[in-house]
């Protein structure tokens, strides 16, 4: 097992990786006590080579490997890439490209919604992976043999699985099915939350219009503080506190002190003063400038239409052997139930061919569902 702890070793390994057409990559990190993930381990494998890189090793320079990650001639293979990409985005200021996410590809090949790494490797390679080291402290040194073996297997199996998935996509002419999903992974907003957009992470269903401005400004303040102090946003202010404060809208330290979601004395702190300022700024936002989400979320889609769309989605996914979430999410179905011109992916491209067009016809009464021998059939009306 090759474990790289020096800059010279990493430079040599990275040079070898750069000559390969694709590399499998995985990371181990910790972020329970921080806002930004702490990179503890990097695993990489390509044809004929594999290694574990220790980014916590004294004096190691990750630049050569990061240059490979930015190399447009080398495909980077990940499984459920988002959290790994967040780490590399922060290190290199961009998303590594080109990408191939085996979880997305597996969804297009009939392996189910958001299939995990272990079950996918069992299905593709008949590989048995010991999960015993999965939830361990990767920041502690030395790492055990079991930890290192587990970590390296994450990329050696991934390396072997990639050609199989690529082959399945080509055989079924579904490469374009996953291209758009993988393109979405290049969006910087996935990996860095601008404080002014932090409100989009809140579950605003049920929030009244007059509460929305304060909720937006409180989320903005919280995100900014969490990033500056490098602490989880929940340690600055919990979601329930944002909603309580947006609802009660205290205007003085005394009123703020009555908030059940804040600890005693919080109203006298600098954070308390900042919260009051955020609430005041939120109240002053012109209603016309607020997003429509508060009103929109209260409009429930017709229940019967939703049930029929769910049945149709399940039927089409079984017919095409594709995971439902790759075609439409629950919110997509709600949008379609509300509006035939909904701006959702399910009504565009190949998704419209597989599901979207049938969904609109079903909603308009131009398509019927019929049970035959325990299976759902589609009938044009």
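The values are calculated or read from the model by the stated rules, or taken from the named source; none is laboratory data. Only a predicted model underlies this, so the values are computations on that prediction, with no experimental measurement involved. Here the Cβ positions follow ideal geometry from the backbone for every residue, glycine too, while neighbour counts run over all protein chains shown.
Residues in the stretch 332-365 that are exposed (fewer than 12 other Cβ atoms within 10 Å of the Cβ), within 17 Å of residue 302 (Cβ to Cβ) and free of Cβ contacts under 8 Å to residues at least 24 places away in the same chain: 341, 365. Only residues that are touching a residue at least 60 places away in the same chain (Cβ under 8 Å) and either not assigned by TED's automatic domain parsing to the domain that holds residue 66 or not in a loop (DSSP other than H, G, I, E, B) (or both) were counted across the stretch 89-105, and they come to 8.
Every condition in (1) more than 27 Å from residue 329 (Cα to Cα); (2) within 24 Å of the chain's Cα centre (by Cα) holds for residue 124 except the one numbered (1).
Restricting attention to the stretch 71-96, the residues being more than 21 Å from residue 156 (Cα to Cα) and out of contact with any strand residue (DSSP E or B) (no Cβ under 8 Å at 6 or more places or on another chain) number 8.
Being out of contact with any helix residue (DSSP H, G or I) (no Cβ under 8 Å at 6 or more places or on another chain), farther than 30 Å from residue 340 by Cα and modelled with pLDDT of 95 or more narrows it down to one residue among 217, 280; which is it?
Values: 217 fails: out of contact with any helix residue (DSSP H, G or I) (no Cβ under 8 Å at 6 or more places or on another chain).
The unique qualifying residue is 280.
Out of all the residues in the stretch 255-269, is one or more at pLDDT 95 or above, assigned to a helix (DSSP H, G or I) and closer than 21 Å to residue 236 by Cβ? Taking every residue of the stretch 255-269 in turn, at least one turns out to be at pLDDT 95 or above, assigned to a helix (DSSP H, G or I) and closer than 21 Å to residue 236 by Cβ. If the condition is being part of a loop (DSSP other than H, G, I, E, B) and within 22 Å of residue 272 (Cβ to Cβ), then the stretch 177-230 contributes 202, 230. Residues in the stretch 38-69 that are buried (at least 17 other Cβ atoms within 10 Å of the Cβ), in a loop (DSSP other than H, G, I, E, B) and either touching a helix residue (DSSP H, G or I) at 6+ places or on another chain (Cβ under 8 Å) or in contact (Cβ under 8 Å) with a residue 40 or more places away in the chain (or both): 54, 60, 62.
As a summary of the residue check, residue 245 satisfies the conditions (1) within 30 Å of the chain's Cα centre (by Cα); (2) surrounded by fewer than 15 Cβ atoms within 10 Å (Cβ to Cβ) except for the one numbered (2).
Filtering the stretch 138-176 to residues that are in contact (Cβ under 8 Å) with a residue 60 or more places away in the chain, exposed (fewer than 12 other Cβ atoms within 10 Å of the Cβ) and part of a loop (DSSP other than H, G, I, E, B) leaves only 141.
When each of 290, 256 is tested for being farther than 30 Å from residue 335 by Cβ and surrounded by 15 or more Cβ atoms within 10 Å (Cβ to Cβ), the lone residue that passes is 256.
Listed by position, the helices (runs of 4 or more DSSP H) inside the stretch 319-381 whose residues that are over 23 Å from residue 113 (Cα atoms) number at least 1 are 330-338, 357-363.
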